[in-house]
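K.L.:
Sharing a structure with you now.
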Amino acid sequence: MENWFKYKIKFIGLFLAIFVLFGMIKPEINSNSTAWGFTGHKRINRVAIFTLPPEMFAFYKEHIEYLTEHAVDPDKRRYAVKGEAECHFIDIDHYAVGGANPFELVPRNWYKAVEKFSEDTLHAYGIVPWHIQIMKLRLQKAFEAKNVDLILKYSADLGHYIADSHVPLHTTENYNGQMTGQKGIHGLWESRLFEINMEDYDYFVGKGQYITKPLDFTWDAVQMSNNALDSVLRFEKELTASFPSDKKYSYEQRGNVTVQTYSYEFSQAYHKMLDGMVERRMKKAIIAVGSFWYTAWVDAGQPDLSKLQNIPPSPELLKELAELDDLFSKGIQQGRDCDH
């Protein structure tokens, strides 16, 4: 009986291996993920709308489906635009020479950072704190021009980059645990944990506030994300060491494809060890997105958005988005191939 059991286990393992080999089962844990996953990004933009003041809320609420669905356009753009990937992260630990605090070494001002490290170096290791400032200014200019298309486009995009800056694994060269034998942790932290716990989260974050110093606000958010990185990596490694190895992963059906993913039990044990970290970072991201939208509107002179209601996205914008979807569907990623 014991020999038969061992034989059966080996047979099942061989059976699964054949399925993976021929594409019938796809290992999800090592695949490229997006910050917060598509579901998380959409939830952040959607809830951020409810942080806005009445003068903005009616316009944004009218376009809630657009802002929700297109929260993921920047990730899709990684498959269409060379140089897009670096806008989603900053490997701040690259600058931690000799154990020094990188946040003390890297100037927050772009021009001072270029002078110290060179523009090529900054782009190579990520520019998300500075790119958020560019997107905020673009949204401000769109408000000034009362351009509905651009207000929608830049609002959705800005929300994405801000959300990315709130993810610990978007602040490190070890973005997917590939340097510590934890490959797959990127998708585990920001997608898997959120997707199986999102309905239990409290999304009440209050009202957005005017940001007097957007650059400092962004860098503070990045530093808070990076401060959480040690726990993200250490807790997963500790749990893996104590968790039954045959129960760490499981197989789930996603549409017509069977994928290997972190088991529900392992994911929830990890989520418990993190003690609410994912929910806290998401709530910080939501209020930050709403506050940046509000700040851009105020800095544009608080234009009357009621005059822009009942104006749908133009055919030109819809065509641009359709072309982006087509490039995304082809799956040819531009630039750095990573889980950022």
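K.L.:
Just report the Cα centroid separation between region 150-179 and region 122-137, whole Å.
P.N.:
Between the Cα centre of region 150-179 and that of region 122-137, the gap is 10 Å.
K.L.:
Okay, next question. Using amide H atoms built 1.01 Å from N in the peptide plane, name the residues 5+ places from Tyr79, or on other chains, whose amide H lies under 5 Å from its own.
P.N.:
Gln334
K.L.:
Using log10 I(q)/I(0) by the Debye sum over Cα atoms at q = 0.06 Å⁻¹ as the read-out, say which of (1) -0.23; (2) -0.20; (3) -0.28 was calculated from these coordinates.
P.N.:
Checking each listed value against the structure points to (1).
K.L.:
Going by amide H atoms built from the backbone, whose H comes under 5 Å of the H on Tyr249, apart from near neighbours?
P.N.:
Here the answer is Ser263, since their amide H atoms fall under 5 Å of that of Tyr249.
K.L.:
Quick one: Karplus J couplings for region 217-227, per residue in order, coefficients 6.51, -1.76, 1.60, θ = phi - 60°, nearest Hz, x for Gly and Pro?
P.N.:
For region 217-227, the Karplus curve yields 4, 5, 5, 4, 5, 4, 5, 4, 4, 5, 4 Hz.
K.L.:
Okay, moving on. Which entries in the list Lys76/Lys247; Lys82/Lys248; Lys183/Lys330; Lys42/Lys82; Lys247/Lys330; Lys136/Lys319 go over 31 Å, if you measure between the two C-alpha atoms of each?
P.N.:
Numbers: Lys76/Lys247 33 Å; Lys82/Lys248 36 Å; Lys183/Lys330 25 Å; Lys42/Lys82 24 Å; Lys247/Lys330 34 Å; Lys136/Lys319 24 Å.
Cα-Cα > 31 Å for Lys76/Lys247; Lys82/Lys248; Lys247/Lys330; rest within.
K.L.:
What percent do you get for the relative contact order of the chain when only Cα pairs under 8 Å and 6+ apart count? Write down the numbers at each step before the final one.
P.N.:
Details: 485 pairs, mean separation 107.6, N = 340.
Taking the mean separation of contacting Cα pairs over the length of the chain, I get 32 percent.
K.L.:
How large is the helix-only mean residue ellipticity at 222 nm for the chain, computed as the sum of -39500 (n - 2.57) over DSSP H runs with n ≥ 4, divided by its residue count, in deg cm²/dmol to the nearest 500?
P.N.:
Values: 16 runs with 189 residues, N = 340.
So the helix-based figure for the chain works out to -17000 deg cm²/dmol.
K.L.:
Would you pull out the residues with amide H under 5 Å of Thr258's amide H, same chain only if 5 or more places away, H placed 1.01 Å from N?
P.N.:
Lys26
K.L.:
May I ask for the angle, rounded to the nearest 10°, between helix 277-299 and the longest principal axis of the chain, with both axes built from Cα atoms and the value confined to 0 to 90°?
P.N.:
In the chain, helix 277-299 runs at an angle near 20 degrees to the longest axis.
K.L.:
OK, next. Residue by residue through region 306-315, which ³J(HN,Hα) values in whole Hz follow from phi under the Karplus form 6.51 cos²θ - 1.76 cosθ + 1.60 (θ = phi - 60°), with glycine and proline marked x?
P.N.:
5, 6, 9, 6, 6, 10, x, x, 6, x
K.L.:
Take peptides 139-149, 290-300 and line them up by average Cβ neighbours within 10 Å, highest first, as a rough protection proxy.
P.N.:
Values: 139-149: 18.2, 290-300: 22.6.
So the order, starting with the most tightly packed, is 290-300, 139-149.
K.L.:
Counting other Cβ atoms within 10 Å, which GluC sites (Glu not before Pro) in region 246-340 have at most 11 and lie in a DSSP loop? It would help to have the intermediate numbers written out before the result.
P.N.:
Working: sites: Glu252, Glu265, Glu279, Glu316, Glu320, Glu323; in loops: none.
Sites meeting the loop and neighbour criteria: none at all.
K.L.:
Rank these for me by crowding, Ile311, Ile92, Ile287, going from fewest to most other beta carbons within 10 Å.
P.N.:
Values: Ile311 14, Ile92 26, Ile287 18.
Result, fewest neighbours first: Ile311, Ile287, Ile92.
K.L.:
Which of Lys213, Lys153, Lys237 moves most in a GNM of the chain, Cα contacts under 10 Å?
P.N.:
Lys213
K.L.:
Something else now. Taking θ = phi - 60°, what integer Hz values does the Karplus form 6.51 cos²θ - 1.76 cosθ + 1.60 yield along region 106-118, in sequence order, with x for Gly and Pro?
P.N.:
8, x, 6, 6, 4, 5, 5, 5, 5, 4, 7, 10, 5
Bear in mind that the values in this text are calculations on the coordinates, not laboratory data. In this text the structure is predicted, and so the values were computed from the model without any measurement. Using ideal geometry, Cβ is built from the backbone for each residue, glycine included, and neighbour counts are taken over all protein chains shown.
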